[in-house]
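Take a look at the structure below.
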Amino acid sequence: MAVVTAPPERARTRRPIAADLVVLGTEAVLLGAAVVVGLLLNRRGVGLHADAAPLFATWQPHVGWGTPAAVLIAGAVIGWGVPWARTARWGTLLGAAWLGSVAWTLALSMVDGWSAGLAERLTPQAEYLTEVPRVTDIGALLAGFADRILDFQPGSWSTHTAGHPPGALLLFVFLDRIGLGGGAAAGLACVLIGATVAVSVPVTLRALGAPDAARATVPFLVLLPGAVWVGASADGIFAAVVAAGVALLVARGPALAVGGGLLLGFALYLSYGFVLAGVLAVAALVCRRDRRVAALLAGAAGVTAVVVAFTVAGFHWWEGYELVVRRYNQGWAAERPYAYWVWANLAAFVVSAGPVVGPALRRAVAGLRERSPVVLLALAGALAVVGADLSGMSKAEVERIWLPFAVWALAAVALLPARTHRWWLAGQALTALAVNHLLWTVS
């Protein structure tokens, strides 16, 4: 009997796809284990402080008037957006990417309703907005910020304010001062600014000589499952600041590189964890074709200017970090077991970045020898996640905290076969819809 064998070319194509499916299965096992173990630990009274671990949420199936809108947007991006992104005019594509991201994020928010899904997301006592009315003097705020980081003392900062450098609070103070105070304005700002990630990441890839990859990433950034947390949490703004900083760092001209440095420097005062954004900046500079040293010096000048400004104003970053470590262990973090969260965090990351992230990163690792912008930026995002995870300073809630790194890991989707993109996008959209309809998420 004759044996029919597949052509060598077809066999070579099937092997990587089979490997992608193995990674996808591994992600499913990881998430399933994190859910089951989390459920068992919660039943035993272990202090996970996350009812739907590994996500910081509660189980509450529901639908809302954002449901049909989200389904329609997902269908449009999957069915029409994927081929259109390959041929559309560049400026038009970027505008559509931002609008699509805004629409997707708002639709997901409206599944929970206007108040619960957006307007009141940033008004609980633990959030920044509760502190805004107490800020009457910016200079005094910066000079005395560190004195109020520790808990259980008169005038101590709210949880989120204390857990970040003063730049995070200053963002919302600024919005309030220009007449955009309150929960609704703050929530919309998170959505509108956070959606610029869908522009900054492709712009960076194109500037580094990967125009096809830039176009391929757009639909995935629009249908980002992490949009569940972009609308609305300050981490959406944080992701946008980091992404814009990297994009400007590799743009043509020293003035833009200085601007990138200013944004990345300011990012250090949004979250202590953004020292890891340096990995992204280095990867982007390595990928530059020319004037790397000039861009490095210009970017460094921008970062230095921000650090000097905050230090002269009275806030010393390292002192703040030392106090934050102590404050972190005054709360739930002291009870949350590292042995669970060090691996369950990765399951939460898969949910936020979407199931495509594992297979995409597998392709990036396989292509490391090429040192392409897609590979280096994607692996830089993944490396930042690993560093944050091992630090022990991110036990839970990483589905929003790691958004600034997740969007760069997704650059690797460009390495997946184009004919599979619609299937992967469908998985991304279903992930977001499942999370938003089965769980009541918390920012």
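Computed with a 1.4 Å probe on the full set of protein chains, the accessible area for His160 sits at about 30 Å². Any chance you could give the angle, 0 to 90 degrees and rounded to 10, that helix 166-177 forms with the longest Cα principal axis of the chain? Long axis of 166-177 versus the principal axis of the chain: about 80 degrees.
For the residues Val36, Val351, Val199, a 1.4 Å probe over the protein chains yields an accessible-area ranking, largest first, of Val36, Val199, Val351.
Note on the chain: dipole from Cβ charges, positive end direction compared against Pro417, Ala214, Pro254; the farthest Cα belongs to Pro417.
Return the calculated 222 nm mean residue ellipticity for the chain, to the nearest 500 deg cm²/dmol, obtained by summing -39500 (n - 2.57) across DSSP H runs with n ≥ 4 and dividing by the residue count.
Working: 22 runs with 284 residues, N = 443.
-20500 deg cm²/dmol, from helical runs alone.
Which percent of the accessible area of segment 46-118 is formed by carbon and sulfur heavy atoms (probe 1.4 angstrom)?
Details: 2320 of 3200 Å².
The computed percentage sits at 73.
Averaging the sequence gap over all C-alpha pairs within less than 8 Å and six or more residues apart, then dividing by the number of residues, gives segment 256-382 a relative contact order of 32 percent.
Assuming R0 = 35 Å, can you tell me the calculated FRET efficiency for the pair Trp332 and Thr87, based on Cβ-Cβ distance, to the nearest 0.05?
The pair Trp332/Thr87 has a calculated efficiency of 0.10.
For the chain, the relative contact order works out to 24 percent when only alpha carbon pairs closer than 8 Å and six or more residues apart are counted.
Nearest 0.05, what FRET efficiency do Val63 and Ala126 give at R0 = 25 Å with Cβ-Cβ as r?
Details: r = 27 Å, r/R0 = 1.10.
Calculated value: 0.35.
Once the Cβ-Cβ distance of Glu319 and Ile178 is raised to the sixth power relative to R0 = 25 Å, the FRET efficiency obtained is 0.25.
The modelled label-to-label distance for the pair Trp114/Ala339, using points 7 Å beyond Cα in the direction of Cβ, is 5.0 nm.
Split the accessible area of segment 119-205 by element, probe 1.4 Å, and carbon with sulfur accounts for 63%. For helix 357-366, report the angle its Cα long axis makes with the longest principal axis of the Cα atoms of the chain; keep it between 0 and 90° and round to the nearest 10°. In the chain, helix 357-366 runs at an angle near 70 degrees to the longest axis. Per-residue accessible area (protein heavy atoms, 1.4 Å probe) orders Asp151, Asp20 as Asp151, Asp20, starting from the largest.
Contact order, relative form, for segment 322-405: 41 percent (alpha carbon pairs under 8 Å, 6 or more residues apart, mean separation divided by residue count). Springs between Cα atoms under 10 Å define the GNM used for the chain, and in it the highest mean-square fluctuation of Val365, Val350, Val385 occurs at Val365. Look at (1) 139; (2) 157; (3) 167: the one that is volume of the Cα convex hull per residue in Å³ derived from this structure is (2). Sorting Ser233, Ser115 by solvent-accessible area of protein heavy atoms yields Ser115, Ser233, largest first, with a 1.4 Å probe.
Could you calculate the contour length gain from Arg15 to Arg252, that is, 0.36 nm times the residue separation minus the distance between their Cα atoms, to one decimal place in nm?
Working: separation 237, 0.36 × 237 = 85.32 nm, distance 3.99 nm.
Stretched out fully, the Arg15 to Arg252 stretch lengthens by 81.3 nm.
Straightening the chain between Ile138 and Ala300 buys 55.8 nm, computed as 0.36 nm per residue apart minus the Cα-Cα spacing.
Among Val203, Val63, Val413, the largest mean-square fluctuation in a Gaussian network model of the chain, built with springs joining Cα atoms closer than 10 Å, belongs to Val63.
Using heavy atoms of the protein chains and a probe of 1.4 Å, the accessible area assigned to Asp389 is about 10 Å².
Principal-axis analysis of the Cα atoms of the chain puts helix 67-76 at an angle of about 50° to the longest axis.
Comparing mean-square fluctuations of Leu205, Leu430, Leu248 from a GNM of the chain with C-alpha springs under 10 Å, the top value falls on Leu430. Quick check: Cα centre of segment 363-385 to Cα centre of segment 210-286, how many Å? About 16 Å separates the Cα centre of segment 363-385 from the one of segment 210-286.
Across the accessible surface of segment 206-261, with the other protein chains kept in place and a 1.4 Å probe, carbon and sulfur atoms take up 63 percent.
Which value, in Å², gives the accessible area per residue of the chain when a 1.4 Å probe is used on the protein heavy atoms?
On the way: 18490 Å² over 443 residues.
Counting only protein heavy atoms, the per-residue value for the chain is 42 Å².
Mind checking the dipole of segment 139-235: about its Cα centre, +1 per Lys or Arg Cβ, -1 per Asp or Glu Cβ, Debye to the nearest 20? Don't skip to the end; give the middle numbers.
Numbers: 4 positive and 5 negative charges, 50 e Å.
Magnitude of the dipole: close to 240 debye.
The values are calculated or read from the model by the stated rules, or taken from the named source; none is laboratory data. For clarity, every value in this text was computed on a predicted model and none was experimentally measured. Here the Cβ is made from the backbone with ideal geometry for all residues, glycine too, and neighbour counts use every protein chain on show. The area values use the complete protein model at the heavy-atom level, side chains included, leaving out ligands, DNA and RNA. Shrake-Rupley method; radii C 1.70, N 1.55, O 1.52, S 1.80 Å.
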